[in-house]
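To start, the structure under review is shown below, and the notes come after it.
The values are calculated or read from the model by the stated rules, or taken from the named source; none is laboratory data. Worth saying up front: this structure is predicted, and the values here are computed from it rather than measured. Here the Cβ is made from the backbone with ideal geometry for all residues, glycine too, and neighbour counts use every protein chain on show. With ligands, DNA and RNA removed, areas are computed over all heavy atoms of the protein, side chains included. Shrake-Rupley method; radii C 1.70, N 1.55, O 1.52, S 1.80 Å.
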Amino acid sequence: MAELNGKPADPDALQALALTNYGHCTSMRVEQGRVRGLSLHLDRLARDCRAVFDTDLDPGRVLEFVRRATPRTGSCVARVTVFDPALGLGRIGADAHPHVLVTTRAAGSLPLPPLRVRSAVYTRDVPGVKSTGLFGALRHRRAAQRAGFDDALFVDGRSMISEGGTWNIGFVQGEQVVWPDAECLAGTTMRLLQQVHTSVSVPVGLADVTGFDAAFATNAAIGVRAVSCLNDIPLPQAHPLIEELRKEYAEVPGDSL
């Protein structure tokens, strides 16, 4: 399903996403008409709209569109993409009038199997914005998958860990959660976990990974997913603290759409 401004999407209006691909987005897991961290998603969209288009976005209008496009029962992943079909390559500097595209897809069963990742030197453009431009991230994901891994984990030129292409990474050290202190997109799942479980944020390099007890990936679609391998470093496929984080995240009350 795809709706643009609350109506069935016109293919002609969607050409800008394919040809220019200038915009921003957020993805949320909808369960029984409720979303964990809904206000965080709406705040992200409003903040990023100002950063990307120099204009304001009405969160109430966005919420109405999401409500229209998603079922009241069952689960799905809804993605909200904000873009302006009138902005092309030659006139990208014109005043923007953002449109709201809501697409939905089936939500997978959780938890997902452990993730095997390979490091790649890469920093997304404007890491604090969840942009639609994913070429660099997908190029590294493709290379990782063709090398036998599931995804890529980004590091800088000093091998300091930041984030995955569409997820955050956390580490377990004893009873404590450690998040890499790096320039990245702080996901809604990561932020909710920071609210319900004590954690610290410190710089983490590839050389530090062997000193941790476990690692996990987070985003709204996958929840909390164990990382079982980073490059040639094996990590536990299961850990009591990861199970505790899953339970704590599952107990976060969803906001009604």
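Report the gain in length on full extension from residue 200 to residue 91: 0.36 nm times residue separation, minus Cα-Cα distance, nm rounded to one decimal.
In short, 34.8 nm is gained.
Report the antiparallel proportion of the DSSP beta bridges in region 111-257 as a percent, rounded to a multiple of 5.
Roughly 60 percent of the beta bridges in region 111-257 run antiparallel, per DSSP.
Show that you can apply the helix-only estimate: for the chain, add -39,500 (n - 2.57) for every DSSP H stretch of four or more residues, divide by all residues, and state [θ] at 222 nm to the nearest 500.
The helix contribution divided over the chain gives -8000 deg cm²/dmol.
May I ask which residue of 69, 127, 114 lies farthest towards the positive end of the charge dipole of region 33-176, with charges of +1 (Lys, Arg) and -1 (Asp, Glu) on Cβ and the Cα centre as origin?
114
What does the charge dipole of the chain about its Cα centre add up to, to the nearest 20 debye, if the Cβ of each Lys and Arg holds +1 and the Cβ of each Asp and Glu holds -1?
With only Lys, Arg, Asp and Glu charged at Cβ, the dipole is about 640 debye.
Tally Lys/Arg at +1 and Asp/Glu at -1 over every other residue whose Cβ is under 10 Å from the Cβ of residue 85; what's the total?
It works out to a net charge of -3.
With +1 on each Lys and Arg Cβ and -1 on each Asp and Glu Cβ, and nothing else charged, work out how big the dipole of region 39-184 is about its Cα centre, in Debye to the nearest 20.
640 debye
Would you mind putting 29-35, 191-197 in packing order, based on average other-beta-carbon counts within 10 Å, highest first?
29-35, 191-197
Between region 126-171 and region 1-34, how many Å separate their Cα centres?
Result: 23 Å between the Cα centres.
Could you work out the local net charge near residue 96, counting Lys and Arg as +1, Asp and Glu as -1, over the other residues with Cβ closer than 12 Å to its Cβ?
-2
Whenever you get a sec, compute what percent of the accessible area on the chain sits on carbon and sulfur atoms (1.4 Å probe).
About 51 percent, which is the carbon plus sulfur part of the accessible surface.
Looking at 234, 205, 250, which one has the Cα that reaches farthest to the positive end of the dipole of region 146-254 (charges on Cβ: Lys, Arg +1; Asp, Glu -1)?
Toward the positive end, the furthest listed residue is 250.
Take each of the peptides 36-44, 227-235, average the number of other beta-carbon atoms within 10 Å over its residues, and list them starting from the highest.
The densest-packed peptide leads the list: 36-44, 227-235.
Per residue, how much accessible area does the chain show when a 1.4 Å probe rolls over the protein heavy atoms, in square angstrom?
I get 47 Å² per residue for the chain.
Using a cut-off of 9 Å between beta-carbons, work out the net charge of the residues near residue 241 (Lys and Arg +1, Asp and Glu -1, residue 241 not included).
Counting the neighbours of residue 241, the net charge comes to -4.
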